[in-house]
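A short write-up of the structure that comes next.
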């Protein structure tokens, strides 16, 4: 397999041989893990790195900010789930247990980079800087996505699987044509890797050597379908080899490892290495959405085993052990989380004003005859209902 010349040059600039760059997807299933399940540092020779790969522990300031964001993310998940039960949101796909993936995804990017999230990535969107209430507007059933993608360079959360990967590749292609150093992070889940759009996005990005980091959160289930029924590949990271790109698997509940791996992936992509695939091995602790009953397809013992690997507990124990996290700092982080939760309660606790005609008003600059007909039909039905006919 031959990588483009510019990609080889960028890879070597990091002191990495082409062979070592590609090694992670050649038969290796082990994952990068810096913290063990109890929050202790693993010995360097047991962290799962391939030869030539260096994953230094991020600075203490970055880890503290990461933990603060984890605390906020967990509170956001809990608050949003409560708002659904109160009827303030129509649906919420919780990322409880996956907060480390969410936070690291947003923190690894520069201001000028783009992120394309899925419907489960609300915490990542907020961590990127999007207003929490605007982030959740989509889940109230409003006609729009809630925020301006251009403001924070965050695509609208995508409900259809993998369509956002094609959008991400398109933005990366445009940026490369303009000579910009933009990196695009394209997020998806394990179920998305079974979609045709996944293949199209990775293939196009590889052929045109685009600066895209494909970040797959493998939380074990595509709704109720377990990973074993989706693929027989040793890992989802192995799928990278078919596109001529490097792939790496990282413990998705280890925030330290995630920050290290994604920081490196973004640096490589910005330097011209081309696209990379990062698989985060994690778990969806709660149901797919509030409309799902997860007890129908997985055992309580399985969930309990993953609860031990909680990303917040691991990060907290590590920072406490390093003396970087104090009682005062934890209290401040908890207060920050409560402030966001209060903002969500206040913003989503009000009734939204909707106009059914917005369904048709913003589809085309000049409505088609079919849309005009449908708009008239709906207006008539609404009028008759209001009159009690």
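The values are calculated or read from the model by the stated rules, or taken from the named source; none is laboratory data. Just so you know, these numbers come straight off a predicted model, no measurement behind them. Quick reminder, even Gly has a Cβ in these numbers, built from the backbone with ideal geometry, and neighbours come from all protein chains shown.
Screening residue 377 against (1) exposed (fewer than 11 other Cβ atoms within 10 Å of the Cβ); (2) closer than 30 Å to residue 96 by Cβ; (3) at pLDDT 95 or above leaves a single unmet condition, (2).
Per-residue answers, yes or no, for (1) farther than 25 Å from residue 292 by Cβ; (2) in contact with a strand residue (DSSP E or B) (Cβ under 7 Å, 6 or more places away or on another chain):
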position	(1), (2)
61	yes, no
64	yes, no
110	yes, no
122	no, no
149	yes, no
168	yes, yes
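Can we say residue 216 is in a helix (DSSP H, G or I) and either over 14 Å from residue 276 (Cβ atoms) or under 13 Å from the mean Cα position of the chain (by Cα) (or both)? No; evaluated as a whole, the condition is false for this residue.
If you check residue 91 against the conditions, is it surrounded by fewer than 22 Cβ atoms within 10 Å (Cβ to Cβ), within 23 Å of the chain's Cα centre (by Cα) and closer than 17 Å to residue 139 by Cα? So residue 91 fits the description; yes.
Looking at the structure I just gave you, is residue 100 free of Cβ contacts under 8 Å to residues at least 40 places away in the same chain and crowded, with 23+ Cβ neighbours inside 10 Å? When the stated conditions are applied, residue 100 does not pass them.
Residue-by-condition table, conditions (1) outside the structural domain of residue 70 (by TED's automatic domain parsing); (2) surrounded by fewer than 24 Cβ atoms within 10 Å (Cβ to Cβ); (3) closer than 28 Å to residue 97 by Cβ:
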site	(1), (2), (3)
172	no, no, no
175	no, yes, no
186	no, no, yes
200	no, yes, no
215	no, no, yes
220	no, yes, yes
228	no, yes, yes
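The set of residues from the range 55-77 being free of Cβ contacts under 8 Å to residues at least 24 places away in the same chain and either closer than 14 Å to residue 345 by Cα or assigned to a helix (DSSP H, G or I) (or both) comprises just one member, 61. The lone criterion from (1) in contact (Cβ under 8 Å) with a residue 40 or more places away in the chain; (2) buried (at least 17 other Cβ atoms within 10 Å of the Cβ); (3) not in a helix (DSSP H, G or I) left unmet by residue 147 is number (1). Considering the conditions (1) in contact with a strand residue (DSSP E or B) (Cβ under 8 Å, 6 or more places away or on another chain); (2) not in a strand (DSSP E or B), residue 277 is excluded by exactly one of them, (2).
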